[in-house]
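Throughout, read-outs are computed from the coordinates displayed, never taken from laboratory work. Bear in mind that the values here come from a model prediction, so they are computed numbers and not experimental data. Cβ coordinates were reconstructed from backbone atoms using ideal geometry, including for glycine residues, and neighbour counts include every protein chain displayed.
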Amino acid sequence: MTTDASSSPTAAFATTLVDEWARAGLTDAVVAPGSRSAPLALALARDERFRMHVVIDERSAAFFALGIGRESGRAAIVCCTSGSAGAHFHPAVLEADLAGVPLLVCTANRPPELLDTGAGQTIEQHHLFGGAVRWFAAPGAPTAIPGANAVWRSVAARAVTETNGPPAGPVHLDLAFREPLAADAPTAIEPGRADGAPWTVTMAATRTAPPARVRALAERLRGVERGLFVAGWGAGVEPNTMTALAARLGWPVLADAISGLREGEPAISTYDALVRDAKFAASHRPDLVLRVGAPLTSKVTTAWLDPEIPQIVVDPDDRWLDPHRAARERIAATAEPLLRALVDEMHDAPRESEWLASWRAAEVAARRAIDAELDATDEPNDARVARDVYAAIPDGGALLVASSMPVRDVEWFAAPRTGLQVHANRGANGIDGLVSTALGIASARTGPTVALLGDLAWLHDSNGLLAARAVAGTGAALTFVVIDNGGGGIFHFLPAGRLPEREQLFTTPPSADPVALGRAYGIDIEIVDRAAAVAPRLQAALAAGGVRALVVRTDRHRAVAQHDAIWHSVARSSR
């Protein structure tokens, strides 16, 4: 006797989850194909409210979903079959956890009667991702019992609430499915709320500082002339708010390029180069620092901002983002409303500040020195590529910048600008999954997207390119700029770079050709051999649309000397 899959509790459970997620506003699902996950995959594919993305490799699928969450602020569902498949989601789950990105992870599983029996493609999935998830649930194999609809819908609604936070992050559902797994037709389900709303709506809490605390903080900041704002990734502040507060106080803003705040008159972009000069560093030590977001990428600047300087960290998720133990105070409040309240408290006219003027003068001189060094030759180098790519992306564009050297070169050399959204996987700081993250970002937006990464990151996530053709078919415009310097150039800047085993164990020159790899996946790819050609070629590639790549070949063996020349030139300019 056979059972009609379309009327089974398994199919009804999966379809109910999907209906509830659509009611909660989710729009994207990333599926890594497999048999045991068929009930959920079919329910997602048959629901016209979802955009379906099929990505063969599970690790790439999870990072693709992460990219959607990064860009949209809304969780994407990522699902896979049972067995080792879910384990490949782990790197993206870790990044989503540490970076605060919503991600709804669904791993299919065998029903309880098949666990611990030697059944194929079965592993222990209970709490597979440990403490990296905001919530874990294993609702068990679905059965047709009275009240099941309310239970299933409640689980789905809570999964969305938990992934949205605060803090946002990954949620893991371990979903056991009994056969039959594949229904021939859509499944009829019990209705949800009559008004189309989610089963349970949660009003997310916002951490706010008491008015008295805001007034006291405003008074304290107003009393300090030599203050600094520091902005790292995840700052969570609108540029106009930061600019207004900085103008009221006459304070500079040391804004990492990935903070979203490197724009406006107070923004200082050359701080890393400036504080490398001992004279400038000594004469510009602040009396107070207010930091929003994570610490700066720059180790030099972070070390300069030592614990002897009073520092206040705005920490909305109460996560102690203070690896150097420099903070004297933490404010567990959402940054944007806090800073806006501080602006409202300060009714004075913008402060005329010699302190800010000295930083601005140093910024102008340092920027001139940096540009002169970078433009002295037309031979491509990593630093100039980072500067020019950051500047060349059209307004309304997005940039994903890789960890390792690209994120540092963008921080060190990118000039302030508006109209650009910057992403970086700086939670776990890995180079894995960057191709897939970029594809996910591009799929979730209408404007142009650029990914700046090195050859190792390009090769590391080559399986992600399997999704490139589908993303291009949506009308997305994504261009990868691959810096091909023959390995991990960052190790030339680290102690390991001085060891005789450097090439074998650290820089690891790849044996694969990045250009040939891209073409094997059908990517329109070209080599750029002149520094001055990078920006126009990038703009032309974005205008052409689709998924494309530019490969810029540089010499990593000369990078340290090039950077040192820039630091010396900036030091001369600041005196």
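Charges on Cβ only, +1 for Lys and Arg, -1 for Asp and Glu, centred on the Cα centroid of the chain; of A520, W233, S82, which one is farthest towards the dipole's positive end?
W233
Pop out the Kirkwood hydrodynamic radius of the range 49-139 from its pairwise C-alpha distances, inverse of mean 1/r, in Å to one decimal.
Answer for the range 49-139: a Kirkwood hydrodynamic radius of 13.7 Å.
To the nearest 20 Debye, how big is the dipole of the chain about its Cα centre, given +1 on the beta carbon of each Lys and Arg and -1 on that of each Asp and Glu?
My answer is approximately 800 debye.
Based on DSSP H runs of at least 4 residues, each adding -39500 (n - 2.57), what is the mean residue ellipticity at 222 nm of the chain after dividing by all its residues, to the nearest 500 deg cm²/dmol?
Computed ellipticity for the chain at 222 nm equals -11000 deg cm²/dmol.
Binned at 5 Å from 0, what are the whole-percent values of the Cα-Cα distance distribution for the range 5-176, short to long?
Taking all Cα pairs of the range 5-176, the binned fractions are 1, 10, 20, 24, 23, 15, 6, 2, 0 percent.
Counting alpha carbon pairs within less than 8 Å and at least 6 residues apart, what relative contact order, in whole percent, applies to the range 5-176?
Taking the mean separation of contacting Cα pairs over the length of the range 5-176, I get 25 percent.
Using DSSP to define loop residues, name the GluC sites (Glu not before Pro) in the range 1-103 whose beta-carbon has at most 14 other beta-carbon atoms within 10 Å.
Qualifying residues, ordered by number: E48.
Could you list W458, W359 in order of exposure, starting from the residue whose Cβ has the fewest other Cβ atoms within 10 Å?
The fewest-first ordering by Cβ neighbours comes to W359, W458.
Give the cysteines in the chain for which no other Cys Cβ lies under 4.7 Å away, or write none if there are none.
By the Cβ distance rule, which asks for a partner under 4.7 Å, the isolated cysteines are C80.
Two decimals, Cα atoms only, Kirkwood Rh: what is Rg/Rh over the range 155-278?
1.22
Taking R0 as 60 Å, what FRET efficiency do you get between A144 and Q539 from their Cβ-Cβ distance, rounded to the nearest 0.05?
0.55
How many angstrom lie between the Cα centre of the range 215-288 and the Cα centre of the range 300-335?
14
Name the residue farthest towards the positive end of the dipole of the chain from the options L459, A376, A278, assuming +1 on Cβ of Lys and Arg, -1 on Cβ of Asp and Glu, about the Cα centre.
About the Cα centre, the residue reaching furthest to the positive side is A278.
Going by how many other beta carbons lie within 10 Å of each one, how would you line up C79, C106, fewest first?
Listed from fewest to most nearby Cβ atoms, that is C106, C79.
Quick check: convex hull of the Cα atoms in the range 265-384, volume per residue, rounded to a whole Å³?
Spread over its residues, the Cα hull of the range 265-384 gives 142 Å³ apiece.
So for the range 374-526, what percent of the C-alpha to C-alpha distances run longer than 21 Å?
Tail of P(r) above 21 Å: 46 percent of Cα pairs.
Expressed as a whole percent, how much of the Cα-Cα distance distribution for the chain exceeds 39 Å?
Summing the P(r) of the chain above 39 Å gives 33 percent of all pairs.
Which residue, V401, G223, A428, has the largest displacement toward the positive end of the dipole of the chain when charges sit on each Cβ (Lys, Arg +1; Asp, Glu -1)?
G223
Report the Cα centroid-to-centroid distance between the range 168-206 and the range 88-141 in angstrom, as an integer.
Here the answer is 17 Å between Cα centres.
Mind sorting R215, R548 by how few other Cβ atoms lie within 10 Å of their own Cβ, fewest first?
If I rank by nearby Cβ atoms, fewest first, I get R215, R548.
Please give the charge dipole size of the range 1-148, origin at the Cα centre, charges +1 on K and R Cβ atoms and -1 on D and E Cβ atoms. Round to the nearest 20 debye.
In total the dipole reaches around 200 debye.
Tell me, what is the percent relative contact order of the chain, built from C-alpha pairs under 8 Å that lie six or more residues apart?
It rounds to 14 percent for the chain.
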